[in-house]
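Before any comments, here is the structure.
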Amino acid sequence: MTRSKVPHIALIGCGAIAEEYYLPALASLPEIMENLILVDENPSRLDKLSAKYPVRRKVRDYREVQNEADGVIIALPTGLHALVGVEFLSRGIPVLCEKPLAEDAARARILIEMAHQKETELVVNYLQRIIPHFAMVKQLLASKTFGSPLKMEYVIGEIFNWPTVSGFYFKSDPSTRGILRDRGAHAVDHICWWLGGKPTVISSCNDSFGGSEAVAHVEFERDSCKGKLVMSWFADVPCRFSIECEKATIEGEIYDYQKLIISENGRKREMIVESPIHTKLDVAREIASNFVAVIQKEERPLVCGSDVLESIEFTDEAYEKARLMNMPWYRFEEVQDVA
Ligand SMILES: NC(=O)c1ccc[n+]([C@@H]2O[C@H](COP(=O)([O-])OP(=O)(O)OC[C@H]3O[C@@H](n4cnc5c(N)ncnc54)[C@H](O)[C@@H]3O)[C@@H](O)[C@H]2O)c1
């Protein structure tokens with residue numbers, strides 16, 4: 001950190017994630033908030049958020065803060081992460097980038113390499129890793145408490161209701177893709193992290209006719225473990241995971257952060273994971289305070305760019321291998337006739 005003891009941070013992109021998480025989390029760090037710069041091309045977002053949170057200043061073009069910011073949080077639509085991230089990293093400015101780090105692994109590598117070259121930090125918000133029950137799964141698998149994993153299932157079924165400002169999630173833009181690139185960033189990261197590396201994609205299908213997919217199924221394999229990831233923005237089904245290991249099965253609900261169910265020797269028991277992290281806002285506070293400490297060179301990033309590269313490679317592979325899923329309720333010929 002160079003210019004002042006309290007870093008000047010620019011929050012680039014003042015959409016839904018900025019409003020729901022970053023600003024409430026940064027509000028618990030008043031000195032940081034006083035020096036915060038809001039950046040968004042949409043002036044009504046700047047007016048709305050600065051009315052609620054008094055900040056240092058607000059600007060519409062991120063290039064205006066290149067000589068002022070000690071660190072930037074990139075909360076822009078996914079297709080802009082690499083472009084904007086490189087501009088700051090190349091000036092040696094630490095970046096905290098929202099997930100997915102980039103629209104593909106090639107761009108993620110450029111960001112990681114630039115941070116390395118400029119000896120600065122690329123922090124990534126893949127901090128579902130610090131949610132207690134997910135972290136406990138990692139610990140149980142890494143220590144082989146129940147032997148090696150044999151079968152993994154990860155299911156996300158939630159109707160899309162995120163209050164996006166730009167609506168970029170459903171723009172027919174290949175940089176965004178759909179549920180697998182977006183919501184799947186956390187799920188795929190868990191899978192790669194839990195298994196100790198990138199699995200091979202065995203099969204992949206989705207419901208895309210060219211635009212963003214809303215349903216995706218991916219089968220994968222790593223060492224002795226075969227797995228399946230099922231994701232849908234159309235179906236409201238329990239979001240959960242299960243991992244069958246040699247000696248027991250570990251199960252959890254995605255949003256029940258403190259609890260795992262362990263089935264062993266024909267009996268089920270609860271494993272409660274004690275932690276001060278109970279909500280997404282608790283996670284956001286951890287992200288914010290870690291990033292400030294990273295800028296001040298007092299802490300290492302909780303999760304950095306290179307930690308998540310394999311998960312982006314897995315996602316790329318799943319898109320490359322994807323075929324149109326079987327949708328017997330949907331007659332493709334009729335759609336073509338209409339078009
Ligand atoms: N970590 C998580 O769990 C999580 C949850 C939701 C979103 N996200 C990620 O956060 C990022 C932002 O998502 P969101 O839902 O907040 O998006 P959003 O559509 O709500 O907001 C995007 C904002 O960026 C602004 N913007 C667009 N182009 C710009 C430019 N060139 N310069 C300045 N501002 C510009 C828009 O005006 C808008 O206010 C995405 O990458 C998304 O994947 C992560």
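Details
- SER44 vs. criteria within 11 Å of the ligand (Cβ to nearest atom), in the same structural domain as ALA16 (by TED's automatic domain parsing), over 20 Å from the mean Cα position of the chain (by Cα) and among the small types (Gly, Ala, Ser): yes
- Helices (runs of 4 or more DSSP H) lying entirely in the range 1-111 (those with 3 or more residues that are open to solvent by 60 Å² or more (accessible area, probe 1.4 Å) and either of a type in the set (Gly, Ala, Ser) or without any contact (Cβ under 8 Å) to a residue 40 or more places away in the chain (or both)): 30-34, 43-52
- Selection of the range 112-146 for residues being outside any helix (DSSP H, G or I) and either among the charged types (D, E, K, R) or surrounded by fewer than 18 Cβ atoms within 10 Å (Cβ to Cβ) (or both) yields LYS118, GLU119, GLU121, SER143, LYS144, THR145.
- PRO174 modelled with pLDDT of 95 or more, within 16 Å of the ligand (Cβ to nearest atom) and open to solvent by 30 Å² or more (accessible area, probe 1.4 Å): no
- Any hit, the range 253-273, residues being in contact (Cβ under 8 Å) with a residue 40 or more places away in the chain and small (Gly, Ala, Ser): no
- Filter result (without any contact (Cβ under 8 Å) to a residue 60 or more places away in the chain and farther than 15 Å from CYS192 by Cα) within the range 120-143: THR120, SER143
- Inclusion of ASP316 among residues that are within 17 Å of the chain's Cα centre (by Cα) and either among the acidic types (Asp, Glu) or at positive phi (or both) is warranted.
- Unmet requirement for PRO54, which otherwise passes all of (1) more than 15 Å from the ligand (Cβ to nearest atom); (2) at pLDDT 95 or above: (2)
- VAL165 being in contact with a helix residue (DSSP H, G or I) (Cβ under 8 Å, 6 or more places away or on another chain), assigned to a loop (DSSP other than H, G, I, E, B) and either open to solvent by less than 40 Å² (accessible area, probe 1.4 Å) or not assigned by TED's automatic domain parsing to the domain that holds ARG45 (or both): yes
- Single condition PHE168 does not satisfy, out of (1) within 15 Å of the ligand (Cβ to nearest atom); (2) in contact with a Pro (Cβ under 7 Å, 6 or more places away or on another chain); (3) of a type outside the set (Asp, Glu); (4) at pLDDT 95 or above: (4)
The values are calculated or read from the model by the stated rules, or taken from the named source; none is laboratory data. Small disclaimer: the values here were computed from a predicted structure and weren't measured. Counting neighbours? That spans all protein chains shown, and the Cβs are built from the backbone with ideal geometry, glycine included. The protein model used for the area step is the full one, side chains on, heavy atoms only, and it has no ligands, DNA or RNA in it. Shrake-Rupley method; radii C 1.70, N 1.55, O 1.52, S 1.80 Å.
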